[in-house]
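So the structure is just underneath, and the comments pick up after that.
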Amino acid sequence: MKSVAAKEGKITMIESEIPKVQDHYLLVKTSHSVISTGTELSVIRSSQNRTAYLGYSAAGTIVECGGDTEPFTKGQLIACYGVPYVRHSEYLLVPKTLCSPVPDNVQSKEAAFAGVGAIAIHALRMANLQFGESVVIAGLGVLGQIIAQISHASAYDVIPYEVNERRALMFESCTGVEAATSNEHLNRRIEEKTNGLGVDAVLLCAGGGHSPLTNESLEWVRDKGKIVIVGDVEPHFKRSLMFGKEAQILISRAGGPGRYDPVYERAAVDYPYAYVRWTEGRNMGEFLRLLSEKRIQVNAYLQESVLFDNISEAYEELQQENTSVLTKVINYN
């Protein structure tokens with residue numbers, strides 16, 4: 001089988017044997033996977049003197065079930081998530097805790113976003129917003145778009161912020177919610193929506209390392225407001241601004257509880273439902289429910305697809321400066 005990797009800053013295909021199924025794991029034939037632009041381009045840039053596999057969110061059909069994987073069954077369409085088990089590869093061996101059944105009315109290419117969706121849902125859970133509270137979503141890449149859609153579906157008062165006008169218009173066409181495209185526009189929207197008090201939370205979904213957004217976000221939140229770092233932003237905040245508002249600075253770690261825990265992931269031992277309500281696996285399932293019930297949609301992000309054998313061309317386009325393409329959906333069929 002073939003898998004996509006980065007080496008010396010370039011895309012390469014790695015040939016390997018199809019993995020053998022083992023207890024608590026599912027062997028999956030991949031039908032679609034999604035390129036996470038920010039994460040993967042960063043991995044490509046840092047792939048000097050090493051080989052790094054790419055991808056973490058996919059959907060496919062179970063071809064073989066290991067022992068103790070009920071209620072999953074052979075032939076079932078599932079979504080799966082999480083490095084190192086999920087990558088852009090023709091076959092995947094995934095622990096059952098990182099898999100979720102796909103509802104009948106959700107297509108495989110839509111379900112391939114479930115890993116990104118779990119990350120989006122966990123970021124919002126970190127903000128711990130209450131019904132009707134206000135939130136700025138700064139950065140409308142594919143992750144920011146999904147976070148803002150879920151926020152809107154949850155009846156939060158959403159103020160999206162994106163300087164790329166094509167991305168802002170894409171979000172507006174999906175939801176009918178106006179997106180601010182400049183700092184002045186954003187400040188005006190915050191003033192109008194909060195009577196000058198500031199928003200309850202800001203989710204920083206942009207990338208780029210050091211960014212003026214960090215300190216600007218402290219101006220946007222209310223007294224004792226929250227800032228959640230979601231994207232690849234360095235957390236440099238002026239103490240005086242933080243102190244003045246007693247602001248909370250939080251960082252969201254991937255798809256939720258269970259991530260990077262070898263017991264939950266490698267050993268596939270789920271956390272007790274009564275004690276950990278929303279694991280990364282259950283966040284995936286919730287994202288699929290939102291898709292199934294048409295509370296959110298990813299159709300606008302499905303326009304850019306690429307065949308698995310042509311994947312190098314997709315990365316070349318995504319690496320172009322100022323590209324408006326959010327992601328590419330890889331088709332393995």
(message) Here are the criteria: (1) β-branched (Val, Ile, Thr); (2) under 20 Å from residue 326 (Cα atoms); (3) under 18 Å from the mean Cα position of the chain (by Cα). Tell me which single one residue 4 does not satisfy.
(response) (3)
(request) State which residue is nearest to residue 309 (Cα to Cα) when the search covers only segment 19-30 and only residues that are assigned to a loop (DSSP other than H, G, I, E, B) and not acidic (Asp, Glu). (result) 19
(request) Could you check segment 31-104 for strands (runs of 3 or more DSSP E) lying wholly inside it with 1 or more residues that are among the β-branched types (Val, Ile, Thr) and touching a Lys or Arg at 6+ places or on another chain (Cβ under 6 Å)? (result) 51-53, 57-65
(request) Mind telling me which of the residues 75, 67 ends up being out of contact with any helix residue (DSSP H, G or I) (no Cβ under 9 Å at 6 or more places or on another chain) and either of a type in the set (A, V, I, L, M) or open to solvent by 40 Å² or more (accessible area, probe 1.4 Å) (or both)? (result) 75
(message) Can you tell me which condition residue 231 does not meet? The list is (1) farther than 19 Å from residue 151 by Cβ; (2) in contact (Cβ under 8 Å) with a residue 60 or more places away in the chain, and all the others hold.
(response) (1)
(message) Regarding segment 214-233, can at least one residue be identified that is at pLDDT 95 or above, over 20 Å from residue 128 (Cα atoms) and over 20 Å from the mean Cα position of the chain (by Cα)?
(response) no
(message) Can you tell me which condition residue 269 does not meet? The list is (1) assigned to a helix (DSSP H, G or I); (2) modelled with pLDDT of 95 or more, and all the others hold.
(response) (1)
(request) Consider residue 258 carefully, then state whether it is closer than 27 Å to residue 142 by Cβ, at pLDDT 95 or above, small (Gly, Ala, Ser) and assigned to a loop (DSSP other than H, G, I, E, B). (result) yes
(message) Within segment 262-282, take every residue that is surrounded by 11 or more Cβ atoms within 10 Å (Cβ to Cβ) and among the hydroxyl-bearing types (Ser, Thr, Tyr) and give me the one that is farthest from the chain's Cα centre (by Cα).
(response) 271
(request) Go through segment 130-210 and tell me which helices (runs of 4 or more DSSP H), entirely inside it, have 2 or more residues that are in contact with a helix residue (DSSP H, G or I) (Cβ under 7 Å, 6 or more places away or on another chain) and open to solvent by less than 20 Å² (accessible area, probe 1.4 Å). (result) 142-153
(message) So residue 58 passes all but one of these: (1) over 24 Å from residue 193 (Cβ atoms); (2) open to solvent by 10 Å² or more (accessible area, probe 1.4 Å); (3) in contact with a strand residue (DSSP E or B) (Cβ under 9 Å, 6 or more places away or on another chain); (4) not aromatic (Phe, Trp, Tyr). Which condition number does it fail?
(response) (2)
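The values are calculated or read from the model by the stated rules, or taken from the named source; none is laboratory data. These figures come from a predicted structure and were not determined experimentally. Cβ: placed from backbone, ideal geometry, glycine included. Neighbour counts: every protein chain shown. Accessible surface areas use protein heavy atoms only, side chains included; no ligands, DNA or RNA. Shrake-Rupley method; radii C 1.70, N 1.55, O 1.52, S 1.80 Å.
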